[in-house]
Every structure is written in structure tokens, then in C-alpha cells.
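What follows is a short report on a single structure.
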Amino acid sequence: MTSATTPLPRPAAIAGRRRRPAPGRVLAWAYLVVVLAVTVFPFYWILRTALSNNLQLPSSPSSLLPVDFTWGAFERALGLASRAQAQAQGGSGASLDTPLYLRNSIIYATVQTVLVVSCSAAAAYAFARLRWRGRDAVFNVLLSALMVPTILTLLPNFVFIRDVHQLNGFTGLILPGAFFSAFNVFFLRQFMLGLSRETEEAAIMDGAGRLRIFFRITLPMSAAPIATLSLLTFINTWNEYFWPLLVSNNDHARPLTLALGVFKQSSPQAAPDWAGLMAATLIAALPMLALFMAFGRRIVDSIGFTGIK
Amino acid sequence: MAQIVNDRQAGPGGAAPGRRRGRSAPPAVHHRGDARLAWLLITPAVAGFLVFFAYPAARGVYYSFTSFHILVPARWVGLANWDELLHDGVFWHSLGVTVYFVALSVVFGVLLSLLTAVVMHRLTRSTVVRGLILLPFLISGVVTALVWQWMLDPQLGIVSQVIEKVTGLHPLFFGDGAWAVPSLAAVSVWKSLGYNAVLIFAGLGTIPPTVYEAGRLDGASEMQMFRRLTVPLLRPILVMVVVLTVVGSFQVFDIVQVTTQGGPANASLVLQMYIYRKGFGELDFGYASTMSLALFVLLVAVTYAQMRLARAGESDLS
């Protein structure tokens with residue numbers, strides 16, 4: 001970091017308040033620190049509450065440290081505590097079969113992501129690298145999907161899935177989003193349009209067919225945006241709420257996010273098991289946080305990228 | 001966004017936002033099997049589009065003209081639902097609630113993300129800072145809603161505790177009719193701030209420093225440069241952020257469903273919540289579809305207006 005008095009202009013600091021650096025910069029830093037604190041604090045508060053004894057929480061609600069430290073809330077949230085144990089710590093006795101929901105979420109998000117990204121990549125290739133009559137018209141029709149609010153299609157889709165008896169299972173959960181995503185097609189097409197033609201032409205000279213070029217050249221060259229897209233799709237699917245709420249009325253395929261909402265509703269209104277709820281919340285958020293640890297930079301860059309492109 | 005539509009066929013009424021200006025696909029080397037292979041490759045996407053998007057969308061339009069309770073087949077009733085909609089006080093109330101929520105989310109969300117992006121851009125390139133600020137975007141609306149409901153709990157919530165100690169007031173947040181929507185909007189802003197800030201931050205990176213150097217030579221002040229250079233040059237990305245926030249906020253559901261469920265006394269009954277209540281609470285799919293369609297029409301109109309307004313005097317880097 002350059003010190004505030006350095007006269008050398010950093011490219012980053014364009015339009016910086018270089019003439020009167022001190023007060024503005026201090027204010028700006030203060031603002032940023034406050035924003036970061038407000039952003040991060042709730043995550044700490046989840047952890048602090050999750051490690052507290054629910055019955056003791058009211059005694060010191062503003063203590064920054066866990067109140068009467070215990071792993072009990074996690075045991076309740078993971079369904080490891082007996083009913084008596086749970087109630088002794090202020091649990092509601094409601095249980096959350098976290099391993100099952102976790103499995104459901106993993107299946108739902110993984111299968112959905114793999115399917116929709118593959119289908120989108122194939123379509124994007126056809127729209128970006130192949131020449132055929134009606135290409136632009138078809139593309140624009142598909143893009144119209146970006147405009148329609150999900151609620152308009154959700155109700156009829158629900159009726160359809162019910163009519164084909166696929167409620168409460170993975171098929172009904174995954175199918176509607178498995179083949180087509182306007183955003184994904186658009187995003188990948190945009191990238192593939194920018195690929196150079198030389199490699200492709202060389203491959204054609206060598207007698208490679210279009211399909212071979214797709215698998216051997218275009219796909220590998222698009223590895224980075226495909227990874228990005230998979231990440232974003234996975235996160236979105238993991239956090240999906242409305243559609244699972246409609247189609248999953250029992251535990252069989254109910255994802256974690258949804259189960260969390262149900263768990264909350266089974267908690268008594270008067271004295272909710274906040275410690276247990278926060279433990280469950282943390283468990284639900286943990287995979288996303290882990291993903292973030294692993295791919296933080298990529299996620300950050302990809303969001304910038306989606307905006308600029 | 002500016003390049004969503006890339007060709008002539010989009011026409012003036014093209015459904016997608018964005019403008020024609022884009023490049024078209026490089027003139028690929030002609031190959032005989034191209035068309036057949038192309039159709040093969042797009043078959044899954046087109047099938048998904050037709051079965052789970054176009055058909056249900058058409059179906060939704062049809063339902064909006066029917067009396068349809070899920071167990072009985074739909075019966076055509078013409079404009080009855082629309083007539084009901086016009087006279088449904090709750091619908092208009094929920095529309096008002098939604099617009100209020102959207103306005104709060106957009107104004108505070110966009111201003112704060114713009115400010116945050118500009119501050120970040122001046123102070124630090126750190127991916128860690130951008131990453132931290134992005135954390136709320138990664139977690140689900142349910143998780144967000146739960147933690148904020150806990151922090152805003154009138155009895156034990158840390159925010160309530162602090163406010164009470166500092167000011168002596170005792171706000172009820174989600175439990176107070178006057179505060180329910182602002183609380184929801186605050187939570188929604190908290191969740192989306194980082195995402196929007198990172199988008200705008202990326203936009204700032206595309207503005208060449210020479211623009212500011214020229215401004216400085218002309219003796220422009222910081223505020224002048226921000227208003228006359230930064231904001232106009234960011235216009236495309238700001239428009240996109242505003243459109244995304246508007247479209248997203250109009251469809252807010254999970255935060256509401258987990259925290260207030262539309263209460264107290266319908267004070268936070270956003271449109272999507274009302275549609276859900278009609279459709280899945282009362283199984284009145286016909287009327288729920290009518291409202292969904294109304295929401296769609298509204299969104300198209302709002303988006304179109306925004307794109308039009310944004311294009312007036314568009315100044316882009318070129």
C-alpha cells in the first residue's frame with residue numbers, strides 16, 4: 001500500500017483526493033471499515049449464538065462472547081441430541097435431519113449445475129461458432145426468458161409437475177431448470193464469440209469435424225468461464241427457495257435451505273430456540289462459505305466480468 | 001448488458017433489454033453439417049425453453065382467464081379475474097407495499113453500493129475486501145432472513161439491545177407495521193450491497209485514468225468530476241444495477257416468507273407473497289396467475305421505461 005503522502009500516482013487511485021489527502025481518506029477508510037463490520041458482524045453473531053446455551057441467552061443478550069459455551073445447539077441441529085437433552089438447553093424438541101437435507105442439497109445443486117451448464121455450453125457453441133439459418137431469431141426468442149418473472153411460469157410448472165406425478169422427488173425438483181438458462185447461454189455465447197478462429201481453422205484443415213472442434217478446442221478454451229458459471233449456478237441453486245417450497249412437501253428431496261425455514265416454523269413463537277436455529281443456519285451457510293474460501297477470487301472476478309461483458 | 005441483443009432482427013420492440021450495437025458472430029468457415037449439428041446442440045436448451053418456459057408462460061396467461069382451483073379443471077371465465085383484480089383492495093395495497101419496498105431498496109441499495117464501490121476503488125484493490133463484502137450474496141435469503149430476525153428480535157436481538165442502550169427507544173422492527181417494510185428493505189440492501197458494489201467496482205476499472213487527468217487539468221473539483229465524469233461514464237452499469245435491483249425487489253419473497261409472512265396486518269404483504277397466499281394458501285390458481293401476469297406486465301413496462309430514460313443522452317466510452 002502506498003502511503004498517503006506519496007506523490008507518485010497509483011493507477012488505482014485515479015481521481016483520488018490527492019490534493020488534500022488526509023481528511024477525505026480517513027473518512028473513506030472509516031466508511032469502508034463500517035461497511036465491512038456491518039457485513040461481517042452477522043456472521044460472527046450466528047457463530048456466537050450457535051455456541052450459546054439457549055436458556056442462558058436472555059440473561060446476557062448483548063454479550064459478545066457465547067453465553068454459557070456449549071456445543072449443544074450444533075448437536076440439536078444435527079439431530080444428535082436426545083429430546084430430553086435438547087429441551088434441557090432450551091431446544092424445542094423439533095429436529096432437523098441435517099445429514100439428509102445436506103445430501104438433498106448436494107444432489108439438487110450438483111445435478112442441476114452439471115446438466116444446465118452442459119446444455120448451455122452446447123447451445124452457446126451453436127449460437128456463437130456455427131452458421132445456420134434462423135440462428136439469431138432463435139437466440140432472441142430464448143433470450144426473452146430473461147424478462148419474465150419466475151412466478152408466471154412457476155404456477156403452471158407446478159401444475160405440470162403435479163400432473164406427471166413428480167412432486168416430492170428430485171425429478172420434479174431438478175427438471176424445470178435442468179436444460180435451459182437464458183443467462184447461462186447468453187454468458188457463454190458472449191465468451192465464445194470472442195474466441196479466435198485460427199485454431200479452429202487449423203483443426204478444419206486437419207480434417208476435424210465441428211463436433212470434434214467443440215469438444216477438443218472450444219470447450220477447453222472456455223474452461224474458465226464454464227467454471228465461473230458452474231460456481232454461480234451452484235450457489236444460486238443451493239440458495240433456491242421458491243421452487244423447492246412448492247414441490248417438496250416432505251423430507252425425501254427437501255433441500256437444506258427449505259428445511260431451515262420449516263425448522264424455524266416448528267420452533268415456538270414465544271421462545272424460539274435461537275441457538276439451535278443459528279447452529280442450523282451456520283450449517284446451511286457453511287458449504288457456501290467453504291466454496292468462497294476455495295474460489296473467492298474467481299467468484300469476485302466473475303461478478304465483475306458478468307457486469308462488464 | 002449493452003450487448004444482449006446483437007443483431008438486426010431484434011427490431012424496435014425486441015423483448016430483450018440492451019441495444020443493437022453489438023458485434024455479430026465471426027463469419028465462421030462454412031461447413032455443410034453446421035445447421036444439423038447446431039440444431040442437435042441446441043435441442044436440450046430449446047426443449048427446456050419450450051416445455052418449462054414458453055408453454056408454462058402461455059399456460060399462465062390462459063389460467064389468468066379461468067377459474068382454476070387445482071383439484072378441478074380450469075374453467076374459462078373471461079375477464080372475471082381481471083375485474084376482481086381491479087376491485088381487490090388487498091392487491092392494490094400489496095402493490096403499494098411492493099413499490100415502497102422497491103423504492104427503498106433501489107435508492108439506498110444503489111447509492112450505498114455506488115459509494116462503497118467508489119471508496120473501494122480509491123482505497124484498495126484487495127480481493128479480500130471485495131470478497132468479504134460479497135459474503136451476504138453467497139448465502140441464501142432464508143439464512144439472511146433468519147440471522148436478521150434474530151438480530152432484530154425486539155427482546156433479545158443485539159440491534160434492539162444496542163439501540164435501547166443508546167437511545168432508550170424500543171423498536172419492534174418486523175413486528176411494527178410502520179417499520180416492517182423498511183426493515184425488510186434494510187435486510188435486502190445488506191444482502192445485495194456487495195454484489196452491486198463489485199459490479200460497479202468493475203465498471204470503475206474500465207474508465208481510463210486519462211479522463212480524470214483531463215478533468216483535473218480543466219480545474220474540476222472532486223465532486224464535479226464525480227458528477228460529470230464518473231456517473232455518466234458508469235451509466236450503462238448503473239442502469240444495469242438499477243434494473244436488476246428493481247426486477248429483483250419486485251419479486252422479493254424468501255426474506256418476507258421467513259420473517260413477517262406479510263404481517264403484521266398485511267403491512268409487509270408484498271405482491272409475490274400475496275400471489276403465493278392466493279395460489280397455495282387458497283388454491284386459487286386462476287387469480288394467482290392473473291396477478292403474476294399483472295406483475296409481468298408491470299415489470300416489462302418499468303424495465304422498458306428505465307431503458308428508455310437511460311438511453312436519453314447516453315454517453316458511453318468509445
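Rule-based calculations on the coordinates, nothing more; no lab input. The shown structure was predicted, so the numbers you read here are calculated from the model rather than taken from an experiment. No Cβ is skipped: glycine too gets one built from the backbone with ideal geometry, and neighbour counts run over all protein chains shown.
Structure data summary
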| item | result |
| --- | --- |
| Cα-centred dipole magnitude for chain B, charges only on beta-carbon of K, R (+1) and D, E (-1), debye, nearest 20 | 1140 |
| Assigned charges on the beta-carbon of Lys, Arg, Asp, Glu; the protein assembly as shown dipole about Cα centre (debye) | 2080 |
| Theoretical gain in end-to-end length, A:Thr150 to A:Arg197 [0.36 nm per residue, Cα-Cα removed] | 13.2 nm |
| Sorted by Cβ density within 10 Å, fewest first, the residues A:Trp71, A:Trp243, A:Trp45 | A:Trp71, A:Trp45, A:Trp243 |
| Spin-label model distance (nm) - B:Val166 vs B:Phe108, 7 Å beyond Cα toward Cβ | 1.4 |
| Estimated 222 nm signal from helices in chain B, with DSSP H stretches of n ≥ 4 weighted -39500 (n - 2.57), rounded to 500 | -19500 deg cm²/dmol |
| Residues B:Asp88, B:Asp254, A:Asp251 arranged by fewest to most Cβ contacts within 10 Å | A:Asp251, B:Asp88, B:Asp254 |
| For chain A, size of Cβ-based charge dipole, Lys and Arg +1, Asp and Glu -1, in debye | 1180 |
| Over chain A: helical MRE at 222 nm, DSSP H runs n ≥ 4 each giving -39500 (n - 2.57), nearest 500 | -20500 deg cm²/dmol |
| Projected area averaged over orientations for chain B, convex hull of C-alpha atoms, nm² | 23.1 |
| Environment charge of B:Leu134, counting only residues whose C-beta is closer than 14 Å and scoring Lys/Arg +1, Asp/Glu -1 | +3 |
| Distance between modelled label sites at B:Gln155 and B:Thr127, nm, 7 Å Cα→Cβ extension | 4.6 |
| For the range B:49-160, with +1 on Lys and Arg beta carbons and -1 on Asp and Glu, the positive-most of B:Ser105, B:Gly89, B:Phe68 along the dipole | B:Ser105 |
| Environment charge at A:Gly172 (Cβ cut-off 15 Å; Lys +1, Arg +1, Asp -1, Glu -1) | -1 |
| Residue among B:Asn196, A:Pro225, B:Ala294 farthest towards the positive dipole end of the protein assembly as shown, charges placed on Cβ | A:Pro225 |
| Net charge, A:Tyr108 excluded, C-beta distance under 12 Å - Lys, Arg +1, Asp, Glu -1 | +1 |
